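The structure appears right after this line, and notes come after that.
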Amino acid sequence: RDLHSFPTRRSSDLKEEAGNEKEIKKSVAREIPAESQEERREHYHTLAVKNELAAVNLEDFYSTFRTHGGKLSYNGTVLQQIRKIKSVTLEELAQITCIRVTYLQAIEDENFSKFTSEIYLKGYLLCYVEALQLPKEQVLTDYILLYKNSF
């Protein structure tokens with residue numbers, strides 16, 4: 001077919017569609033609860049306190065691996081245990097990282113089918129690791145190796 005055989009749309013139709021698109025975007029934006037800077041600051045402060053308070057318990061957790069001569073390999077279960085030692089809920093982590101709870105849960109469950117590609121998994125995992133103040137390189141290396149071996 002040549003270019004002239006396609007139906008053309010009037011500029012008034014295009015303006016109407018653009019207007020409808022703006023309406024949709026506005027209505028979606030209203031559904032997302034806004035947080036003030038103060039609320040965001042409070043979430044970060046709470047997480048920082050939890051990270052600090054859990055330092056001793058976390059060291060005990062790490063030492064159990066060293067005592068038995070084992071090397072700690074970061075997988076979903078270990079990440080979940082560390083998060084729980086720090087008394088951080090998935091909902092709190094979601095607020096801080098701006099990642100949906102379902103994806104955070106998928107990381108801990110090693111449910112790799114939730115991620116459309118490795119790059120998304122790495123990005124989410126990096127946010128998870130930074131929020132909980134874990135060793136970035138080691139966690140990413142261990143966890144992504146686990147991901148790659150799952151295929």
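Key figures
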{"read-out": "Only one of GLU137, GLU130 that is within 23 Å of LEU53 (Cα to Cα), assigned to a helix (DSSP H, G or I), at pLDDT 95 or above and open to solvent by 40 Å² or more (accessible area, probe 1.4 Å)", "value": "GLU130"}
{"read-out": "Any pair with Cβ under 6 angstrom, 6 or more apart, that starts in region 129-140 at a residue that is closer than 17 Å to GLN80 by Cβ and ends at one that is open to solvent by 90 Å² or more (accessible area, probe 1.4 Å)", "value": "VAL129/LYS136"}
{"read-out": "Near pairs, Cβ below 8 angstrom, 6+ apart or cross-chain, from region 88-103 (on the phi > 0 side of the Ramachandran plot and surrounded by fewer than 19 Cβ atoms within 10 Å (Cβ to Cβ)) to any residue that is outside any loop (DSSP other than H, G, I, E, B) and at pLDDT 95 or above", "value": "CYS98/CYS127"}
{"read-out": "Residue check, LEU14 part of a helix (DSSP H, G or I), aliphatic (A, V, I, L, M) and modelled with pLDDT under 80", "value": "yes"}
{"read-out": "Residues located in region 58-76, provided they are loosely packed, with under 14 Cβ neighbours inside 10 Å and either of a type outside the set (Gly, Ala, Ser) or touching a Gly at 6+ places or on another chain (Cβ under 9 Å) (or both)", "value": "GLU59, ASP60, TYR62, THR64, PHE65, ARG66, THR67, HIS68, LYS71"}
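The values are calculated or read from the model by the stated rules, or taken from the named source; none is laboratory data. Owing to the predicted nature of the structure, the values given are computational and were not obtained by experimental measurement. Counting neighbours? That spans all protein chains shown, and the Cβs are built from the backbone with ideal geometry, glycine included. Note: areas computed on protein heavy atoms with side chains; ligands, DNA, RNA excluded. Shrake-Rupley method; radii C 1.70, N 1.55, O 1.52, S 1.80 Å.
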